[in-house]
Amino acid sequence: MLTCALFDAAGRDREIDLAILDFDALASEQLLWIDGTAAEIAAVALPAAMREVLPARLCTSGVEVSERFYQFPVTPPSPRASDTAAPICFVVGENWLLTVSEPRPAFMDRFLDADDGESLKGRMSASALTSAILLDLLSEYRNELVSIDRAIDKLDETILRSREQRAPLKTLAVLRRRVSYVRVTLSEFGNLVHALNRPDILAHIDASDASYFKQLHHSFDRLEDMAARVRETIVNSFDLYTTRVTQDTNQLIKALTIATVVTGIVGAVAGVFGMNFDIPLNHMGLRGFWLVIDGMVLSSLGVLAVAVWRKWI
């Protein structure tokens, strides 16, 4: 749905009908933001002063600078790593911002709904508003990384408690895929951030607005470090899982070894009494049978006692 928001620091922020908007009469403390799909933008009657400066094709690639505006595309995070979100086109003028999205992402809706209509956004420049929206976009990436980090912590606790019902490799693979998606999309976003801070681009932007893009650059660097740390955490979780599997395997081998020793003792005793020679114990009848059984049991218990004492099991 096409949205035309007028931020008025001297009055109330409000949605306005483009048909009644006097674009040339925008005050110094007013800022116009128009957002919609490409079809909606093409169908609506944009202010003549804005339509005159707009190029025939919006946001083809990279940052494009003109005398009265600059434009660039940016790709928001997708709800699912297997999908690719449609890029958002930003066209930034002096006191107006045009965004073309298919459809508008949820974080932009939250940005619009964050104030109660009495904000001072009208005092911002269009570049400052653009930077604020991009910082909110970075927050979306940060929230995704925090969600992955929490899932890793929960998985680590499960591995340490050895209560997993199934091998966590599938979960680790899903988390690894999510982090990989975030890092790839962040790298694309990084190209934009670096481009916005190039001297030839900053030359077309007011000096007061350049600081906003520098802050955006700092926030991006911190987020990139966070993404690298989360990826390293996933690798450490896999190492933790392999260590746990190795420990469980060692415990199993110890148990099997002890069982083999016990079985070997029983088999050796049975084998001795199966030999073809005559000893007094062979003539003791039922009493002799139970003596042999008791000897087997005591020997087995002795082996188990030593294993427990040495903490082999």
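Throughout, read-outs are computed from the coordinates displayed, never taken from laboratory work. Keep in mind that this is a model prediction, so the values were computed, not measured. We place every Cβ from the backbone using ideal geometry, glycine too, and count neighbours over all the protein chains shown.
Give me the base-10 log of I(q)/I(0) for region 1-44 at each q in 0.19, 0.20, 0.28, 0.31 Å⁻¹, Debye formula, one uniform scatterer per Cα, rounded to two decimals.
-0.59, -0.64, -1.05, -1.18
Which one, Ser300, Ser119, Ser208, has the greatest fluctuation when you compute a Gaussian network model over the chain with C-alpha springs under 10 angstrom?
Result: Ser300 has the largest fluctuation of those listed.
If I take R0 = 25 Å and measure r between the Cβ atoms of Ala255 and Arg176 in this structure, what FRET efficiency does the formula 1/(1 + (r/R0)^6) give, to the nearest 0.05?
Efficiency at R0 = 25 Å is approximately 0.15.
If you average over every viewing direction, what projected area does the convex hull of the Cα atoms of region 175-219 give, in nm²?
Result: 3.3 nm².
Given labels modelled 7 Å from the Cα in the Cβ direction, how far is it in nm from Asn143 to Thr3?
Once both label points are built, they end up 1.4 nm from each other.
Select from Arg244, Arg142, Arg198 the residue whose mean-square fluctuation is largest in a Gaussian network model of the chain (Cα-Cα springs shorter than 10 Å).
Arg198
What Kirkwood Rh does region 78-227 have if only Cα atoms enter the pairwise 1/r average? Answer in Å.
Across region 78-227, the inverse of the average 1/r is 17.6 Å.
Using a Gaussian network model on the chain with a 10 Å cutoff between Cα atoms, which of Gln215, Gln247, Gln71 fluctuates the most?
Looking only at Gln215, Gln247, Gln71, the largest GNM fluctuation is found for Gln247.
Please flag any cysteine in the chain that has no other cysteine's Cβ under 4.7 angstrom from its own Cβ.
Taking the Cβ cut-off of 4.7 Å, the unpaired cysteines of the chain are Cys4.
Pairs of Cα atoms under 8 Å, at least six residues apart: use those to get the relative contact order of the chain, whole percent.
With pairs under 8 Å counted, the relative contact order is 15 percent.
Tell me the Rg and the Dmax, in Å, that the Cα atoms of region 228-288 produce.
24.7, 78
Apply 1/(1 + (r/R0)^6) to the Cβ-Cβ distance of Asp225 and Arg68, taking R0 = 35 Å, and write down the FRET efficiency to the nearest 0.05.
Efficiency, from the Cβ-Cβ distance: 0.40.
In nm, to one decimal, how far is the Ser187 label point from the Asp113 one, both placed 7 Å along Cα→Cβ?
3.5 nm
If eta is 0.692 mPa s and T is 37 °C, what Stokes-Einstein diffusion coefficient results for region 162-312, Kirkwood Rh from Cα pairs, in µm²/s?
Once the numbers are plugged in, D ends up at 146 µm²/s.
Kirkwood Rh, the chain, all Cα pairs: how many Å?
Hydrodynamic radius (Kirkwood, Cα pairs) of the chain is 25.2 Å.
In deg cm²/dmol, rounded to 500, what helix-only [θ] at 222 nm does the chain give when every DSSP H run of at least 4 residues adds -39500 (n - 2.57) and the total is split over its residues?
Computed mean residue ellipticity for the chain: -20000 deg cm²/dmol.
For region 150-244, what is the Kirkwood estimate of the hydrodynamic radius, computed as the reciprocal of the mean inverse distance between distinct Cα atoms, to one decimal in Å?
Taking every pair of different Cα atoms in region 150-244, averaging 1/r and inverting gives 15.6 Å.
Can you give me the angle between helix 169-196 and the longest principal axis of the chain, using Cα atoms only, in degrees from 0 to 90, rounded to the nearest 10?
30 degrees
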